[in-house]
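Okay, so here's the structure we're looking at.
The values are calculated or read from the model by the stated rules, or taken from the named source; none is laboratory data. This structure is a prediction, so every number in the text was calculated from the model and none was measured. Here Cβ is always computed from backbone atoms with ideal geometry, including for glycine, and neighbour counts include all displayed protein chains.
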Amino acid sequence: MLGQTGSASVRFEALDALRGVCALLVVLFHIPIYHALKDVAAFANLQFCVDMFFALSGFVLCHAYGQRLDGGAARLPILGARPRRASRPVCAMSRATRPV
């Protein structure tokens, strides 16, 4: 279940995979072409995947950054890196889906 990516870091591959599945199901839930399926009970429960994704992401981020922040590392560079990384795909999708 655990895979080593470095000498000191531990990566939770199963949790990363589950986060990916949850993210894809949330995207599927929001695609307008699938709105006909919203009456199906299993499809309506995909909203749970948002909660699951946030819970898993919180655990993974706390595990990844917790020791660095407790060890006295500078908070600003660590906390500033996440929004910078997230803003690139958000900006790309905003440009790609902008109305003409």
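Values as computed for the structure displayed
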quantity	calculated
Condition met for Leu37 (part of a helix (DSSP H, G or I), among the aliphatic types (A, V, I, L, M), at pLDDT below 70 and surrounded by 10 or more Cβ atoms within 10 Å (Cβ to Cβ))	yes
Leu76 being surrounded by fewer than 10 Cβ atoms within 10 Å (Cβ to Cβ) and at pLDDT below 75	yes
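So that you can scan it fast, the table gives a plain yes or no per residue for (1) exposed (fewer than 12 other Cβ atoms within 10 Å of the Cβ); (2) at pLDDT 70 or above:
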position	(1), (2)
Gly3	yes, no
Met52	no, yes
Cys62	yes, yes
Gln67	no, yes
Gly72	yes, no
